[in-house]
Amino acid sequence: MKTQKYKVILASASPRRKEILAKTGIDFEVQVSDCDENTDEKQPDKLVMKLSELKARDVAAKNPDAIIIGSDTVVAHKGHIMGKPADRAEAISMIKSFAGDIHQVYTGVTIIVPNEKTYTYNVCTDVHVLPMTDEEIERYVDTGEPMDKAGAYAIQGLFAPFISKIDGDYYNVVGLPVSSVYEILKLYM
């Protein structure tokens, strides 16, 4: 790619987001936000947008001349928001709640372009999960894979056999809706 007009910073510790953003061919670096992520927001679409903006603004304050990308992902099922499980029991409970059903994955994105514009939006994907036995759920949780994932699963990992279909952006479920991010970034590159 040609020389970039701006330095681009991904404000996320997620290795998955880093891997997805790398697919764009845009050079970027990672700086993890250490902002307080406590909020009273209860609607998943608004929650992820608020958290993505908090992260992006925190990193932007230290890098005023760079494009900052903040992101946050949650799983929602029947009005219940699921972040990362605290322990094995919570991971099992999360998966049991949506096994054999459809749930939503929301990813909020904030892109701050210095002296130009701030974009904050969310992407929602419906995920259809096959029915699962208790043994299948426990065997999956015991792999350790779900422990750092919103909703306690990785669509791109060992949980793949249990996904019957998705309606929406696959990369959104992994953690970053890369096509919409790229559409904005290419305006400034």
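The values are calculated or read from the model by the stated rules, or taken from the named source; none is laboratory data. This is a predicted model, so every value here is computed, not measured. Every residue, glycine among them, receives a Cβ derived from its backbone with ideal geometry; neighbour counts consider all protein chains shown.
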task: Identify the residue in the range 4-39 that is in contact with a Gly (Cβ under 6 Å, 6 or more places away or on another chain) and of a type outside the set (K, R) and, among all such residues, is surrounded by the most Cβ atoms within 10 Å (Cβ to Cβ).
output: A11
statement: Residue set A86, A99; condition surrounded by 13 or more Cβ atoms within 10 Å (Cβ to Cβ) and either under 23 Å from T39 (Cβ atoms) or of a type outside the set (S, T, Y) (or both); output residue A99
- prompt: Is there any pair linking a residue in the range 161-187 that is over 28 Å from K5 (Cα atoms) and touching a residue at least 24 places away in the same chain (Cβ under 8 Å) to one that is among the β-branched types (V, I, T) and surrounded by fewer than 19 Cβ atoms within 10 Å (Cβ to Cβ), with Cβ under 8 Å and at least six apart or on different chains, and which?
  reply: V173/I166
- prompt: What residue, among those in the range 120-170 that are aromatic (F, W, Y) and not in a loop (DSSP other than H, G, I, E, B), is surrounded by the most Cβ atoms within 10 Å (Cβ to Cβ)?
  reply: Y140
- prompt: Which ones in the range 42-83 are β-branched (V, I, T), crowded, with 20+ Cβ neighbours inside 10 Å and within 16 Å of the chain's Cα centre (by Cα)?
  reply: V48, I68, I69, T73, V74, V75
- request: Search the range 30-59 for residues that are at positive phi and modelled with pLDDT of 95 or more and pair each with any residue that is surrounded by 20 or more Cβ atoms within 10 Å (Cβ to Cβ) and assigned to a helix (DSSP H, G or I) when their beta-carbon atoms are under 7 Å apart and the residues are at least 6 apart or on different chains.
  value: none
task: Could you check how many residues of the range 91-108 are touching an Asp or Glu at 6+ places or on another chain (Cβ under 7 Å) and in a helix (DSSP H, G or I)?
output: 1
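Results for (1) under 26 Å from K18 (Cα atoms); (2) modelled with pLDDT under 95, shown as yes or no for each residue.
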residue	(1), (2)
I69	yes, no
T73	yes, yes
A76	yes, no
I102	no, no
I112	yes, no
- request: Taking T143 as the residue in question, decide whether it is at pLDDT 95 or above, hydroxyl-bearing (S, T, Y) and within 23 Å of V48 (Cβ to Cβ).
  value: no
query: All but one of (1) free of Cβ contacts under 8 Å to residues at least 60 places away in the same chain; (2) surrounded by fewer than 21 Cβ atoms within 10 Å (Cβ to Cβ); (3) over 18 Å from P44 (Cα atoms); (4) not polar (S, T, N, Q) hold for I112; which doesn't?
result: (2)
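Can you find a residue that is touching a Cys at 6+ places or on another chain (Cβ under 6 Å) and in a strand (DSSP E or B) anywhere in the range 68-75? Write out each step before concluding.
Our first condition is that a residue be touching a Cys at 6+ places or on another chain (Cβ under 6 Å); within the range 68-75, this holds for none.
No: the range 68-75 contains no residue that is touching a Cys at 6+ places or on another chain (Cβ under 6 Å) and in a strand (DSSP E or B).
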